[in-house]
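Everything below concerns the one structure shown next.
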Amino acid sequence: MSTAAIPFTDLARSRHSVRKFLPEPVAPAEIRGVLEDAQAAPSNCNTQPWTVHVVSGAARDALSKELLQADEEERLSPDFTFDYADFGQGTYLDRAHHHAATLYGAMGIARSDRAARKAAARENLDFFGAPHVAFLFMPAFGDGVRAAGDIGMYAQNFLLSLTARGLGGIAQTMLGFYADTVREFLNVPADLKLLFGISFGVADESAPANGFRMERAALEQSVVLHDTPGVLGQR
Ligand SMILES: Cc1cc2nc3c(=O)[nH]c(=O)nc-3n(C[C@H](O)[C@H](O)[C@H](O)COP(=O)(O)O)c2cc1C
């Protein structure tokens with residue numbers, strides 16, 4: 001395994017979302033290693049509430065076709081809401097807008113070019129060309145928030161494991177917009193909810209969509225220290 005050589009700080013800071021993949025498949029032993037790393041994630045009361053479906057090959061191609069068709073016919077069936085309006089006005093919405101501007105800017109797509117933006121968004125449903133996609137399902141415990149947090153822990157282990165192995169991935173809420181289509185195709189019971197998917201494989205480093213890195217807010221914008229001097233400036 002190639003993981004030991006990469007210091008964790010480099011691993012965490014070099015991971016980024018990949019939006020164009022090469023078609024070559026990942027070796028089965030590497031996929032197993034990623035799944036074992038992800039399985040080590042912590043969870044509330046060790047419930048490990050994730051059920052993960054990995055889709056490759058002909059099944060991957062057929063599912064992509066179904067998703068693109070569902071999108072064409074506007075057959076959206078999300079298990080969880082997603083609305084830019086929920087970001088309110090200010091910081092979160094500003095960051096989301098900045099992200100969209102950066103992504104489309106890197107791809108040479110003008111803000112006014114709605115057709116090109118739609119086409120770029122639909123690339124999500126072809127898994128950005130990735131040979132593999134993992135769908136992360138969870139049970140509907142209570143309001144779902146705690147299980148969703150556990151799925152997030154799992155997903156981050158998954159993504160960092162990919163990075164450590166010289167592979168790339170991207171979490172995709174957009175795949176969850178078509179939960180019924182995915183469930184039907186994979187024969188998943190209705191009581192398992194689809195939070196998001198992760199497309200993964202080898203990054204196409206030459207693609208414009210992979211040619212930028214999203215910056216992060218300064219620590220001062222996210223962290224408040226109490227009796228913890230010397231961490232941020234003089235506070
Ligand atoms: C749970 C989750 C869902 C996401 N869904 C999508 C998505 O549907 N499509 C997409 O292009 N990016 C998606 N992203 C990627 C984010 O845009 C990305 O993580 C963010 O802009 C920071 O960039 P970085 O991952 O390259 O550091 C998602 C990220 C997360 C964590």
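Rule-based calculations on the coordinates, nothing more; no lab input. Keep in mind that what you see is a predicted model, and the values were worked out from it rather than measured. Glycine also receives a Cβ, built like all others from the backbone with ideal geometry; neighbour counts cover every protein chain displayed.
Of these, 65, 20, which one is within 14 Å of the ligand (Cβ to nearest atom) and either touching a His at 6+ places or on another chain (Cβ under 9 Å) or closer than 16 Å to residue 131 by Cβ (or both)? Checking each option against the conditions leaves just 20.
Selection of segment 47-104 for residues being outside any loop (DSSP other than H, G, I, E, B), surrounded by 15 or more Cβ atoms within 10 Å (Cβ to Cβ) and of a type in the set (Asp, Glu) yields 66, 71. Looking only at residues in segment 88-108 that are within 13 Å of the ligand (Cβ to nearest atom) and without any contact (Cβ under 8 Å) to a residue 24 or more places away in the chain, which one is farthest from residue 208 (Cα to Cα)? Out of the qualifying residues, it is 92.
Answer yes or no as to whether residue 143 is without any contact (Cβ under 8 Å) to a residue 60 or more places away in the chain and acidic (Asp, Glu). Answer is yes for this residue.
For every residue, the table says whether it meets (1) touching a residue at least 60 places away in the same chain (Cβ under 8 Å); (2) surrounded by fewer than 21 Cβ atoms within 10 Å (Cβ to Cβ); (3) hydrophobic (A, V, I, L, M, F, W, C).
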residue: 116; (1), (2), (3): no, yes, yes
residue: 121; (1), (2), (3): no, yes, yes
residue: 128; (1), (2), (3): yes, no, yes
residue: 134; (1), (2), (3): yes, no, yes
residue: 150; (1), (2), (3): yes, no, no
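For the condition under 25 Å from residue 190 (Cα atoms), touching an Asp or Glu at 6+ places or on another chain (Cβ under 7 Å) and crowded, with 16+ Cβ neighbours inside 10 Å, residue 43 qualifies.
Put simply, of 128, 158 the only residue that is within 13 Å of the ligand (Cβ to nearest atom), within 19 Å of the chain's Cα centre (by Cα) and farther than 20 Å from residue 43 by Cβ is 128.
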